[in-house]
Amino acid sequence: MYNDILKIGPFVIHGYGLMIAIGVWAALLIGERRANKRGLSGDVLYPLTLVCAVGGFLGAKILYCIVEWRLFLSDPLACLSSNGFVVYGGIIAGVFAGWLFCRLRKLPFWKYFDIVLPSVAVAQAFGRIGCFLAGCCYGAETDAWYGIAFSHSNFAPNGVKLIPTQLISSAGMFAIAGILFLYARKKRKPGKVGALYLILYSVGRFFVEFLRGDYRGEVWIFSTSQFISVLMLILGILVMIAAERSAPKNIE
């Protein structure tokens, strides 16, 4: 695929960055609308998104450096300045940054948690399309009819048919977003919508990892992301149980 969508002299629009920008914009619009409908301040989402984005960026880069620890030890600047990120690091750090923001602003974290996470799924869906355009996060080699061969990727092996894991992940994230929006139409106790995101995403990511062909680190018999998926699934189940057992006033 082609990551450089448009070139005007030195100015270049990259497909990866464009898809992320579209995803964030869509997530903000959807989140603001849902927040206003639920009696929350939609305006808060803008600084909240900024804080979560910065925290998520740092977390994704830090986890990448941990996964690529050999590269980091041999050339820290190359590791830090590379295009490498690990999504789970972004999710974990982004949620923590959001919690800290809400804590300092005395906002109901779990209610915003439920507003933001479905929008995050939308942003991720567009982001994975960006991955496809860039050729990163590619799948294993295949002879199947659905295999796609890259020709201008700086990440995936070119000229080899690969499983389009990026598109599979994108479709899965759009599906998860749809499920969350439907689930949230009925009034739920704070935390349950976000918990469902954690459960669905961790399960989907765990199985997609079997189709990936790029190196993502390893923990025992699992890839790094599969190992984190197991922990995220457990966390999601615990949050779901805690939300169900707690009165709304006690979980805000």
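The values are calculated or read from the model by the stated rules, or taken from the named source; none is laboratory data. If you're wondering where the values come from, they're calculated on a predicted model, not measured in any experiment. Note that each Cβ is placed from the backbone with ideal geometry, even for glycine, and that neighbours are counted across all protein chains shown.
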- Residue pairs meeting the criteria (Cβ under 6 Å; at least 6 apart or on separate chains; first on the phi < 0 side of the Ramachandran plot, in segment 91-115; second among the acidic types (D, E)): P108/E252; W110/E252
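What number of residues within segment 121-173 are among the aromatic types (F, W, Y) and under 23 Å from S225 (Cα atoms)?
Of the residues in segment 121-173, 4 are among the aromatic types (F, W, Y) and under 23 Å from S225 (Cα atoms).
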- If the Cβ limit is 9 Å and pairs must be 6+ apart or interchain, which residue in segment 202-230 that is at positive phi pairs with which residue that is of a type outside the set (A, V, I, L, M, F, W, C)? G217/E68; G217/S223; G217/T224; G217/S225
- Task: Among the candidates F181, F210, single out the residue that is closer than 28 Å to K37 by Cα, surrounded by fewer than 17 Cβ atoms within 10 Å (Cβ to Cβ) and out of contact with any Gly (no Cβ under 9 Å at 6 or more places or on another chain).
- Result: F181
- Please note which helices (runs of 4 or more DSSP H) are completely contained in segment 24-141 and include at least 2 residues that are crowded, with 23+ Cβ neighbours inside 10 Å, of a type outside the set (D, E) and at pLDDT below 95. 45-67, 87-105, 109-134
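Which of the residues that make up segment 151-172 are crowded, with 16+ Cβ neighbours inside 10 Å, among the small types (G, A, S) and at pLDDT below 95?
Residues satisfying the conditions are S153, A156.
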- Message: Just to be sure before I move on: is F150 touching a residue at least 60 places away in the same chain (Cβ under 8 Å) and over 30 Å from L28 (Cα atoms) in the structure I sent?
- Response: yes
- Which one of A175, A195 is under 26 Å from L45 (Cβ atoms), buried (at least 22 other Cβ atoms within 10 Å of the Cβ) and out of contact with any strand residue (DSSP E or B) (no Cβ under 8 Å at 6 or more places or on another chain)? A195
